[in-house]
Amino acid sequence: MAAKIITVFNQKGGCGKTTVSMHVAGTLGLRGARSLLVDMDEQGTATRWAAQASDERPFPASVIGLAPSGGAMHREVRKFIHDYDYILVDCPPAVHSAAPSSALLISDLAIIPVVPSPPDLWAAVAAKTLAQHAQVQNETLQIRVMANMVQRRVSIARQAIEILGDDGDVPLLNAMIGSRSAFRECQAIGCTVHGVPGAREAIQEVDMMVDEVLSLIE
Amino acid sequence: MATKLKSLKAGMLAGMAAEKTRSDAIDRFARAEAAISQHPNGLLQSPRPVPPVTAFSAESESETVAIEGRTLISIPIAQLHDNPFNARRIYDPAVVQERAASIATHGQKTPGLAAPDPARPGHYILIDGHYRKRALASAGKLEMECFVESDLSDLDFYRLSFLLNEQRSDQSALDNAMAWRQLLDEGKVQKEEEICELTGMSAGTVNKTLALLKLPESVLAVMRERPSEIGIATGYELTLYYKVAGEDRTRDLVTRVMNDGLSSREVESIRKQAQEGKPRKVKEISRQYKIRTESGQLLGTIKEWDSGRLMLDVQLTDRNAREDLLEVLKARFGLDKTLL
């Protein structure tokens, strides 16, 4: 069975692509699946994150950096599809890069993380357009927007999430990720929030997100 | 037997589906290869090198007219997005219909103002003309004529929208409150003082305006029907009234303001009445007459007010003198008879 491929992208920087992709990949790994994360960002945040892990407790997914391959990344990814159950692609925040296009054309699911704030809402429109362009050629591609770094008590955030939820073309995932320090702490120790003591709410959010992702692609 | 056949069939179908997705997965990579070779910079980029962007060439099917350094173009309404920092927040459907009727007869008279959307090439954010946009859409028009500004920050989007609405004295206090709250919540401005600078309004006005949002939702809902009826003075009185009178009575009062056109002074006196239980007495000044003995010793005072009140306060240590005075006073008011 070939690996399911999930691309996490948005040309807007700082919307939490790496946090989301690393948590999907890592959580699937923790659940016993063979999981690979392809880091397409030249900043190599995901690769650095995984490298923070100790030898005794490695990051629960394989993480490789393929940023230099850019739009040719699909050729490399193809070599792994029988070795893994899930392949996550963490895309760079760039409009002019071909990497997201290439990744979307070979993916089963595209996740667009969006911080519920106006500039992110605007940027999300271009991200949705790109995914829809890819969908023309890759008809089985599913596209979902996900609210990330949500401050649930802030009214503008609630309103932005309502707007995201009202989009008839690109559905919003029910699961959302809050703005929590556990999501930053886990990067320093090279794990998912599952490895952060006391991060009960963050873990719950991640598990719900992964459950929902699996329900879409299985 | 039937169930077995069914499960066999399901098995075959599943196998076919698996086969399909397998070949599909292989196809995908070939397809990606083909697509990427045509679009070396990603799917959203044009496959061919584009001539330098002479904004809105014939290619974009838009008429271009340059006036005073600004460009006037027709923008498809589908690509023209509301200003998220628009100063106006509330749109009266009746006004939209009215303007739609006018547009249907006379066409769009006044261009709107828009800026290119930094995140979406080919899309625009409307700065001014949100009513016109709604009216055009309602009149079935697909395009809106707009002047185009460029290089705007988030605050510029609000500032321009505020200025243009303000020039037409077109936005209500409630519009302002909602827009300013958003600027503060999003950290576009840090303090209320910055809103004063942005809008040129006094700190008191800014503070009173923002206080409107402390009114309960049901009251705000009534205000939203015709927000221009509620000025900032009336609005502020309503927030004070709400503190003493509660939600239901405030909703009644705001309804009266809308229907009967109560002035802010009238609302103020209603609010004061509610705060004190009764109208505050006008402080009156009395005229005072000092009562002295022949030797000049002060015995007391007579005070007289314009309202008709009279007060006698006198100390007569001599019992006879006291009873004499009492007799006179009793006789004056007919009290001597009732005692009998």
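Since every read-out is calculated from the coordinates, none of them should be taken as a lab result. Fair warning: this is a prediction, and the values are worked out from it, not measured in the lab. Methodologically, a virtual Cβ is constructed for each residue, glycine included, from the backbone with ideal geometry; neighbour enumeration extends over all protein chains shown.
Some points to look at:
- Calculated FRET efficiency for the pair B:Ala233/B:Thr293, C-beta based, R₀ 56 Å, to 0.05: 0.50
- Under the convention that each Lys and Arg Cβ holds +1 and each Asp and Glu Cβ holds -1, the size of the dipole of the protein assembly as shown around its Cα centre is about 1240 debye.
- Pairs of alpha carbons in the protein assembly as shown separated by more than 31 Å make up 64% of all such pairs.
- Diagonalising the gyration tensor over the Cα atoms of the stretch B:236-295 and scaling each eigenvalue by 5 before taking the square root yields semi-axes of 41, 12, 7 Å, largest first.
- A DSSP coil position with no more than 16 other Cβ atoms inside 10 Å describes the following trypsin sites (Lys or Arg not before Pro) in the stretch B:67-168: B:Lys109, B:Arg168.
- Farthest toward positive dipole pole in chain A [+1 Lys/Arg, -1 Asp/Glu at C-beta], among A:Thr45, A:Met209, A:Leu66: A:Thr45
- Our summary gives chain A a relative contact order of 26 percent, counting only alpha carbon pairs under 8 angstrom and 6 or more residues apart.
- When both the stretch B:298-340 and the stretch A:136-180 are represented by their alpha-carbon centers, they are found 85 Å apart.
- One chain, two ends: B:Ser263 and B:Thr105. Fully extended at 0.36 nm per residue, the span grows by 53.1 nm beyond their Cα-Cα distance.
- Note on the stretch B:82-202: semi-axes of the ellipsoid equivalent to its C-alpha gyration tensor, largest first and rounded to whole Å, are 26, 17, 11.
- Ordered from longest to shortest, the equivalent ellipsoid semi-axes for the stretch A:1-148 are 23, 18, 14 Å, each the square root of 5 times a Cα gyration tensor eigenvalue.
- Ranked by the mean number of other Cβ atoms within 10 Å of their residues, highest first, the peptides B:198-209, B:292-303, A:126-137 come out as A:126-137, B:198-209, B:292-303.
- With a 10 Å cut-off around each Cβ of A:115-123, the average count of Cβ atoms from other chains is 4.
- Whole-angstrom gap from the stretch A:55-108 to the stretch B:176-236, using each part's C-alpha centre: 48 Å
- Mean separation of Cα contacts under 8 Å, 6 or more apart, over the residue count of the stretch B:91-186: relative contact order %: 27 percent
- Under Stokes-Einstein, with the Kirkwood radius over Cα pairs as Rh, the value for the stretch B:189-317 at 25 °C and 0.890 mPa s is 133 µm²/s.
- The share of C-alpha pairs in the stretch A:90-218 whose separation exceeds 27 Å stands at 22 percent.
- For residues of A:131-139, the mean tally of beta carbons on other chains within 10 Å: 3
- Computed [θ] at 222 nm, deg cm²/dmol, chain A (DSSP H ≥ 4; -39,500 (n - 2.57); rounded to nearest 500): -13000 deg cm²/dmol
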